[in-house]
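Below is one structure; the comments refer to it alone.
The values are calculated or read from the model by the stated rules, or taken from the named source; none is laboratory data. Everything quoted here is computed from the prediction, not taken from an experiment. Cβ placement follows ideal geometry from the backbone for every residue including glycine, while neighbour counts extend to all protein chains displayed.
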Amino acid sequence: MNRHVLAFAIGLVFALVAGWVVFPRVLYSHQQQPVDFPHKTHAAKSGNADCDGCHPFNSDGSFAGIPKNDTCAACHTDKLGTSPAEAKLVDDYLKTGTTTPWLVYSRQPANVWFSHAVHVKRAGLACADCHGALGTSDEKRLYEQDRISGYSRDIWGHSISRLRRAPHDGRTMSDCEDCHHKRHIEVGCFGCHQ
Amino acid sequence: MSDLAIVDRRFIARGEERASTLKFALWLAPWVALLAFGLYAAFLCLFYGLNQTNMDNRFAFGLWIFADLSVIAMGAGAFFTGFLVYILKQEELKPVLNSAVVVGLVCYSGAVGVLMVDVGQPLRAWFTFWHPNTHSMLTEVTFCISCYLIVLILEYLPVLLRNRQLQKVPSFLVFEHQFHKLVPVLAAVGAFLSFFHQGSLGGLYGVLRGRPFAFREHFAIWPTTFFLFILSAIAVGPSFLLLVVASVEGVTGKKLVEESVLRKLGFISGIMLGVYVAAKSVDTLVWLNITSPSVGFAPWEYYAYKPFGSAILFSEIVLLGLLPAFLLIFPKTRARRGWLLFAAVLTCGGVLLNRFVLTVQTLALPTLAFDDFLKYIPSWQEVATFSAVVAYGVIVYSLSYRYLPLFGHSKGEDKHVSVG
Amino acid sequence: MKVSRRDLLLGTAGLTAGIFFTPVPWKVLDDVSIWTQNWAWIPQPPRGPVTTKLAACTLCPSGCSLRVRMAGGFPVGVSGSPAHPLTKGALCPLGFAAHQLNWHPARLQEVRHQGRAASWEEARSAFEKACAEGPIAIVDGRSGRAASIVLQSFAAKHKASYDALRNAEEKSLAPYAKWANVSVSSLGYDLENVRTIVSFGAPLLDGWGVPGRFTHLWAERAAGESDPQLRLIQIEPKLSRTASGAWRWIPICQGSEELLAASLASVLIEEHLVPAQGPVPPASVTDAASQTGLTPAAIRELARAIVDRKPVLCISDGESPAIAALNLLLGAVGTPGGILPKSGHPLPMPPASANDKPLRAVLIDSTVPWEYVAPEGAEAFRFAAWDGGGSRAEWLLPAPGFLEELSDLPSPPTCAVATYAVAPNLLSTSAQTKTAAEFLLQIDPTLPAIDQTIRARCEEIFRARRGTVHAAKPASIASFESAAKLEQALRDGGVWLDDPPAHSPLKCSLREWPGNSGNRAPANWATTWAQPVLPPLAAKLYQESSLRETPQRSQS
Amino acid sequence: MSARYGMVIDLDRCTGCGACMVACAAENNVPPLPARATDRTGLTPMLVHKVNNGLEGAGRREAFIPIACMHCANETPCVSVCPQQAVEVDKATGIVMQIPQRCLGCRYCMTACPYHARYFNWWDPSWPPGMEKTLNPGVATRMRGVVEKCNLCHARLHTAMEKAAAEGKKEIEMTDYIPACVEACPTNAIQFGDLANPDDPASQAAHSPETFRLLARLGTEPKIYYKSRQPWVRALAERSASGHATEGQHV
């Protein structure tokens, strides 16, 4: 009888370990950004600490997102320093005129309509409210991509169980809903879908 | 072959004489072939999408939905017999209980299988459980059917465990024995769930206010078709079970149950059918004279298109309703096996016709003044997928009959007759 | 200790039980459904800001102004520009999906000779050889453009004949041009002032003339009215969409239009409904009745209805002298609400020179390849962006596609007031494509270059000091300080519209009543298409609705 | 802000040119389907029906009835039936919206719609090579096996909302939000506006006596209104029992 329990228990433990420890490692593929970009250093050196210095709104109210090469080229016409990252940026992208293939941590799928103008200009949210310390740290983050859904890991959030998450960890639909709910904002499906 | 035969023998209960392995294999072969063909068709639909079918934007539901509705009605025998035996204590129906369970299991699992091919995005079907729309009849159907399918599997389990080999495992034996206590509960739960999804399958169409041909007055939150479907399912269930048992007797050439059991089934079917026909007639009159005209649809328009003339309404209510009801209730006709089976066939036909009218004719009829009456012929992929369900049913039932004590052991150890 | 079968069994049971207490089944279930929402093989629209540019459509002579929405350097949406004085923002159904045409499967990607890939050099040497041997003809599918000047001057210099294709609308104006001895392109219909229009089968509500021009008038003055300000009488065998929208539809037998016109004329004269002038029509009401299928009474009644509200204008579908003669009789030529010459036409074009000698070769500059059939024995050099697969051509020469060519747009046919606009090239052309003009300019660099001509024309307009430039808001020519400024305004999508014509009467001399001209106009693209090069969406929608007779439909 | 967007379509002005259909398809990234697609398997969120008065000879007349989703305001038939809330009536705009990403493709809503204004993606969408560059940003393409329909060009509504937000306004300008079909109509037969706003011209037109709605007696309160001065057209659209059903209109 004990032996049976043992056999069962072994199977159980095996499953738990596989599910909680192995699975998350297998699920996500890891990629490096094409160029290491230290936000903090740039904020300090370029002298504009606010995000919209490099991530402005377009005239029509749409959000420019990640800067195009010319924004970088404004300072990095030629190598300013000796960092290999800068060298890569200047030689591989700015000089050749190929757009830098930045990986977007918080990229939403095509069926989602997210307006920065509505959230920043009307609702008055701060960038950090959703993007966290991204802009104020020099951390070189990996870009992790879900192998099945193809989403960035930031969408699901870093805790696989989605329990005990940092305030701005995770951008799933339910995260949007929670935030709207907290602020008593009612939007139907088309509030965020297209 | 020979050692296969030996294995085969090992699984057949002691003292049961069954057809030779070869004979059984020959019997299964065509059904297996049909099943394989059907699965191929289903694969085509899943891989290339529903453009493989002849359904279209106007005929959004086709053969499959009709089949599902009919099959599930036929499967109603399972819950109703269980209900009769365990709740209403109609002990003499016990012998057919196991085959009722098998029939039910086959019908429901088959229906769910077809449904998974029918929806365009089966991988998202679970959204219904995660974001259910409580106002939708389809939600009700989905929930009840999936729950009831589990109930059926639980009910089938003990029958399965009484297989000769499986019984060798002592813990199984214990389990099965303990399980008996649960059975009446399962029967009750099954009956409850079935009432709801049989009903909501009817509600599915009764709520379509955009389709005045199908729309019906509501009682509480349910349209009349909700109740009509329950009644018709209860009526047809026993008849179908009766036909199944009779045909098994025909195929195997054995007398499996007392004639009285079949008569009993027939009688119950007849009574329920009578009630159903009465209710259906009242409902039809209300619909023709009040419901439909009130939204600007003159009833005669529905029957202006051949071959869907008023004859269809007549045969649904009288020819395939009233008539079999009489044949089944009237003792003289019920006593004659021929009449009994004939009446059972008519009963099934009537319910099939009712499901057909509701699913197909509803969509064929125009709603806008400049619509026309639409035609739809299912593609071979649709037919094949559906026939796979039939084949699957035959195979499962044959195997169950061969290796499980569906009708109890011929040396009547009644106390062991398993549960429904 | 050895592991028994039962241990494995129980182990598996534990495994299965355990897995449900991990994220695996649930996360996978969720991710798989997300996967179905973002299938990699389903294209998604480009991201990034959308800008709106003004342009002009060059698919037909109407030259409608466009508002083009651009994203990532490509057009992602087309709509009409309300600034256009004639279309008022209207477009034909094709226009709304025209931005997809450049990726049409029928798009010509390379030079093709006898169906095989070839090079521009080969094409050029072959054409030069043909020129040397002669005689050759140059066929212009869109006369009056700056490019047309190139074609014409090449023809003039190399003793080739220049032949301008005319569409049905222009053909309907040809008789007056002949009688008054002016060019067809200098005539137009003054629809804005008509009160009764008698259309002999002209598809006025179905892509006739400039989109929006007549339909707007019809919608404002006629649609659904029992007694409309603008009476449209449609004389046509079948119930076309124009006939459905008409005030009255007169169904007559196929091909009896001109006889009916003649008999109407005779009724008008004998009942003194019009001042008797010009030649007397030979037709008698009775035999007209027998051939048209109308009763004599109906014809007389129709004649009275026509002159009930003046001014009245008859419009034929294609060239028809008899119907033109009826207009003369009705006094609809050279008067308001009739056929008017465009005043101060800024774009002098030498007249087309046709010759009837058997041709050695013909160069065709046409956006609709299946429209013109090259004469037998002549080597055809056909410039086209798409291969309609229609008619024979030894050489298929890939021309720029939609929004890929800098061109200019003379006044559209049927327009009574001169207009001028420039179609900018919003998209860069691929290396393979060349316009006919570029091709000829390479052979003979002394020919006038396109932008020179455009500049010259702008200067001409600027000098004439007439008309208004319709852009975001209209600006009179006087408000421009230089021709260059004017040119810039036009290049930015402005449309120049001349002032209303000072009605210089049109002198038409007609000796006898013209006979029945057998020539029928080509029916429009929608009803008869050989192999249409339509925007896939347009083709799709005509296939998926009962709106138009498509080849598949008309069979079924 | 609680708008009720709707349309008034003047059937007398409709020449059946089909511009609205093409413009709608282009705006909403509707794919060109395989040649097998018919008027019953196609994707035509805006569909112009050709109807006639049933007479022959000189008395015969034809008319065109553009049909898109009617955005029913009362007991919206498609909303209550959807098992997983892929359809809902937007509280802020009254738009009946279909979320393809939520849809499981059971097609129950299609059987529920009396106007046949819902369309199923029988095929995966595909475009000739390169043409996907011309897809309209702001409208996600759909995948096979889901239902789609007119959603009043909500992408244009989104753009208008973003513009308003950027300018610090709470309400959008109606001039910034015009559905593609309305914009495309060469005879201005379609009026679009906020039916809840009494000052809106479209609202005034809709509530004037000469308008009518298709199958009004079903009581679903469509927000697409029609008008015509021709009695036979009204009779058709209102589906009087005499119903001049047109034969050969699905030729």
### Message
If I ask for residues that are within 11 Å of another protein chain (Cβ to nearest Cβ), free of Cβ contacts under 8 Å to residues at least 40 places away in the same chain and either under 12 Å from C:PHE200 (Cα atoms) or of a type in the set (Phe, Trp, Tyr) (or both), which ones from the range C:241-258 would you list?
### Response
C:ALA243, C:TRP249
### Yes/no for C:ALA202 being crowded, with 20+ Cβ neighbours inside 10 Å and more than 10 Å from chain D (Cβ to nearest Cβ)
yes
### Message
Filter the range D:30-47 down to the residues that are within 7 Å of another protein chain (Cβ to nearest Cβ) and over 20 Å from B:GLY49 (Cα atoms) and list them by number.
### Response
D:LEU47
### Summary
Exactly one of D:CYS150, D:CYS185 is out of contact with any strand residue (DSSP E or B) (no Cβ under 6 Å at 6 or more places or on another chain) and over 29 Å from A:HIS119 (Cα atoms), and that one is D:CYS185
#### Entry: Breaking point among (1) farther than 29 Å from D:TRP123 by Cβ; (2) in contact with a strand residue (DSSP E or B) (Cβ under 6 Å, 6 or more places away or on another chain), for C:PRO75
(1)
### Task
Give the residues of the range B:328-343 that are in contact (Cβ under 8 Å) with a residue 60 or more places away in the chain and buried (at least 17 other Cβ atoms within 10 Å of the Cβ), sorted by residue number.
B:LEU328, B:ILE329, B:ARG334, B:LEU340, B:LEU341, B:ALA343
### Message
Please verify whether D:ALA58 is part of a helix (DSSP H, G or I) and either more than 7 Å from every other protein chain (Cβ to nearest Cβ) or modelled with pLDDT under 90 (or both), treating the condition exactly as stated.
### Response
yes
### Task
Only helices (runs of 4 or more DSSP H) wholly contained in the range B:115-217 count here; list those with 3 or more residues that are over 23 Å from the mean Cα position of the chain (by Cα).
B:127-130, B:170-206
#### Entry: Top-ranked residue of the range D:20-43 - restricted to ones that are aliphatic (A, V, I, L, M) and within 27 Å of C:ALA90 (Cα to Cα), ranked as modelled with the lowest pLDDT
D:LEU33
### Task
Quickly run through the range C:105-149 and pick out the residues that are part of a helix (DSSP H, G or I), among the polar types (S, T, N, Q) and surrounded by fewer than 18 Cβ atoms within 10 Å (Cβ to Cβ).
C:SER125
### Task
May I ask you to list the residues in the range C:90-104 that are part of a helix (DSSP H, G or I) and closer than 16 Å to D:MET21 by Cβ?
C:GLY95, C:PHE96, C:ALA97, C:ALA98, C:GLN100
### Message
Quick check on A:GLY132: is it in contact with a Gly (Cβ under 8 Å, 6 or more places away or on another chain) and at positive phi?
### Response
no
### Query
So which of B:VAL112, B:VAL102 is within 16 Å of the chain's Cα centre (by Cα), assigned to a helix (DSSP H, G or I) and without any contact (Cβ under 8 Å) to a residue 40 or more places away in the chain?
B:VAL112
### Query
Out of the residues in the range C:215-237 that are of a type outside the set (A, V, I, L, M) and more than 10 Å from chain D (Cβ to nearest Cβ), which is surrounded by the fewest Cβ atoms within 10 Å (Cβ to Cβ)?
C:ASP227
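Residues are listed down the side, and each one gets a yes or a no for (1) buried (at least 21 other Cβ atoms within 10 Å of the Cβ); (2) within 14 Å of chain B (Cβ to nearest Cβ); (3) within 30 Å of B:LEU363 (Cβ to Cβ); (4) within 19 Å of the chain's Cα centre (by Cα):
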residue: D:PRO114; (1), (2), (3), (4): yes, yes, yes, yes
residue: D:LEU135; (1), (2), (3), (4): yes, no, no, no
residue: D:VAL147; (1), (2), (3), (4): yes, yes, yes, yes
residue: D:LEU157; (1), (2), (3), (4): yes, no, no, yes
residue: D:MET161; (1), (2), (3), (4): yes, no, no, no
### Test for D:TYR119: is it within 17 Å of the chain's Cα centre (by Cα), surrounded by 22 or more Cβ atoms within 10 Å (Cβ to Cβ), within 30 Å of C:LEU101 (Cβ to Cβ) and facing chain B (nearest Cβ under 8 Å)
yes
### Subset of the range C:28-51 [away from chain D (no Cβ under 11 Å) and part of a strand (DSSP E or B)]
C:THR51
### Summary
Flagged in the range B:349-393 as within 11 Å of chain D (Cβ to nearest Cβ), hydroxyl-bearing (Ser, Thr, Tyr) and in a loop (DSSP other than H, G, I, E, B), in numbering order, are B:THR367, B:TYR376
### Query
Is at least one residue of the range C:86-99 in contact (Cβ under 8 Å) with a residue 60 or more places away in the chain and among the charged types (D, E, K, R)?
yes
### Only listed residue being touching a strand residue (DSSP E or B) at 6+ places or on another chain (Cβ under 9 Å), surrounded by 23 or more Cβ atoms within 10 Å (Cβ to Cβ) and touching a residue at least 40 places away in the same chain (Cβ under 8 Å), chosen from D:PRO77, D:PRO45
D:PRO45
## Note on the structure
Cβ pairs under 8 Å, 6+ apart or interchain, first in the range B:238-253 and on the phi > 0 side of the Ramachandran plot, second of a type in the set (A, V, I, L, M, F, W, C), ordered by first then second residue, are none
### Task
Name the one entry in C:VAL68, C:VAL78 that is at negative phi, at pLDDT 90 or above and more than 8 Å from chain D (Cβ to nearest Cβ).
C:VAL68
### Task
Look at B:VAL244 and say whether it is part of a helix (DSSP H, G or I), within 14 Å of B:CYS348 (Cα to Cα), assigned by TED's automatic domain parsing to the domain that holds B:ALA364 and at pLDDT 90 or above.
yes
### Task
Find the residue count for the range A:128-145, including only residues that are out of contact with any Phe, Trp or Tyr (no Cβ under 6 Å at 6 or more places or on another chain) and within 14 Å of chain C (Cβ to nearest Cβ).
1
### Query
Would you call A:GLY124 small (Gly, Ala, Ser) and within 13 Å of chain C (Cβ to nearest Cβ)?
no
### Summary
Apart from one, (1) modelled with pLDDT under 95; (2) away from chain B (no Cβ under 14 Å) all hold for D:TRP232; the odd one out is (2)
### Query
Of the residues B:GLU382, B:GLU301, which is charged (D, E, K, R) and surrounded by 22 or more Cβ atoms within 10 Å (Cβ to Cβ)?
B:GLU382
### Residue check for B:PHE129: surrounded by fewer than 24 Cβ atoms within 10 Å (Cβ to Cβ), touching a residue at least 12 places away in the same chain (Cβ under 8 Å), within 11 Å of chain D (Cβ to nearest Cβ) and touching a His at 6+ places or on another chain (Cβ under 9 Å)
no
### Summary
When every residue in the range C:1-27 that is more than 15 Å from A:VAL5 (Cβ to Cβ) and surrounded by 15 or more Cβ atoms within 10 Å (Cβ to Cβ) is compared, the one farthest from the other protein chains (Cβ to nearest Cβ) is C:LYS27
### Task
Inspect the range B:81-90 for any residue being out of contact with any helix residue (DSSP H, G or I) (no Cβ under 6 Å at 6 or more places or on another chain) and small (Gly, Ala, Ser) and give the result as yes or no.
no
